[in-house]
Each structure stands twice: as structure tokens, then as C-alpha cells.
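Below is one structure, written out as C-alpha cells; comments come after it.
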Amino acid sequence: MSNKQKRDLKQKKVRGFGFIPELSEHCFLVTIPASKAKGADVLISEHFEWREIGKGKQVKVSLNDENAQVKIIFRKDLWDEIAEETKAEFNRRLRSLGVKTGKWLKAGQVPVERSLGKELVLLAWAIEDCDPVLISTAVRNWLGLAPEERWWLYTMTNASTGHAVNGRGKGWRKAVRFALTENPISHIALKRRRSDFDLSFLGKNGSYSLFDLRGK
């Protein structure tokens, strides 16, 4: 990314983790419950249109509305296990672009740039039904994947088993769980993978692009 592109980004309002409505309204939204109960539901939904809402109100999500479709519903105790790791990974990527970093709320809704959102949903799918002791393994394996690999796995899984309820525990969704909760990669391999790939997720012209990682 050029210095000019970075300067332009700094002038735009960033919401949550890298979400800039001026560039694209397509985003994911994490809804974190106010309840502290371990079994309270965390929702991650995909949105193709963005509407500003008043203070104290929440964006409506649905299991079947394609413009605000819930991709996963999982327990808050599982969310707590991945919140810090995902925040660190996303903010590392955002800093490399000179974009304002984000943070998860204790309760409320946090928008996530669409590419990062797909990566987040992929990890959430992997842990939704796994043994909690395997979550750290899932996180490490997820970190070991290049962004392109995370996006590809998300795309394939979403195409066949992307419904929050109907796709749970089936086909690609089940395969992702097994793939990410087994055989943790080493620290050396993880560092090598990070150095091999450009972790930018903005395209050549500054617009959001899923696969044009090496835009100059």
C-alpha cells in the first residue's frame, strides 16, 4: 500500500476492526450479550448494507435475511477464549496499514471489515462444538493459515454449510473443526508463514478486495 493510500485511510472514519463504510458497506457484526453467563449467546452476522443506528440501539440480525444473516451462534465462554487472540491478530494487520486499531466491547455490537470477518467466522465455526481444551490448538492452527487460506476455507464452508443453525456440525463445517483442532503448528512454522505472506487486505486502488493481497 502506498503512503498516499495510508494517508487517505487515516482521514476516513473507522468503526470496530477496520470497517470503513465509505469504502464498502459489506461487513460482519459481532453481537456480544450483556449477560455474563457462560452459556449466553454470541452472534456473528454478515451485512451487505450498513445503516447508522441511534445510541443504545442495536442492528437487527436474522437467521434468514441475507442482508443481515447470522453465520454462527455460540457460547460466550467460547468467545472469551478467542477474543484476545483475534484482537491481537486483527490489530497487527491494521497497524501494518496505518489503520486505527479496534477492541471488543464487554457487551454490544462491533463491526468487522469483511475479510477479517470471514476469518473470525471460520475460527468460530472450528470451536463451536469442540472440546474446550482444544481451543488453543484451533487458534494456533488458525494463526498458521495465510489470510488467503482462511478466506478460501470460509468460502467453501459458507457455500454448503454457512447457515448458523442448519449447517452446524455438517460437511465442511465439521471438517473445519477437525482440521483446526488437531496437530498444532510450531512457533517456528508460524513465524515463517507470517513472513511469507503480505498480510494486507486492501486492494491496489485502496478498495477492499478479498484476494488481491499483494497490491502495490
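What follows draws every value from the coordinates through simple rules; no lab data is involved. Nothing here was measured: the structure is a model prediction, and the numbers come from that model. Using ideal geometry, Cβ is built from the backbone for each residue, glycine included, and neighbour counts are taken over all protein chains shown.
What pairs in 55/174; 60/103; 60/118; 71/100 have C-alpha atoms more than 28 Å from each other? Exceeds cut-off: 55/174.
Among 138-146, 83-91, 119-127, 46-54, how do they line up from the highest to the lowest mean number of other beta-carbon atoms within 10 Å?
Result, highest mean first: 119-127, 138-146, 83-91, 46-54.
Shape summary: segment 3-196 maps onto an equivalent ellipsoid whose semi-axes, from the alpha-carbon gyration tensor, are 24, 22, 16 Å in decreasing order.
Can you give the net charge of the other residues whose Cβ lies under 13 Å from the Cβ of residue 79, counting K and R as +1 and D and E as -1? Working shown, then result.
Numbers: positive: 36, 38, 75, 76, 87, 106; negative: 41, 77, 80, 81, 84, 85, 128.
Every neighbour counted, the sum reads -1.
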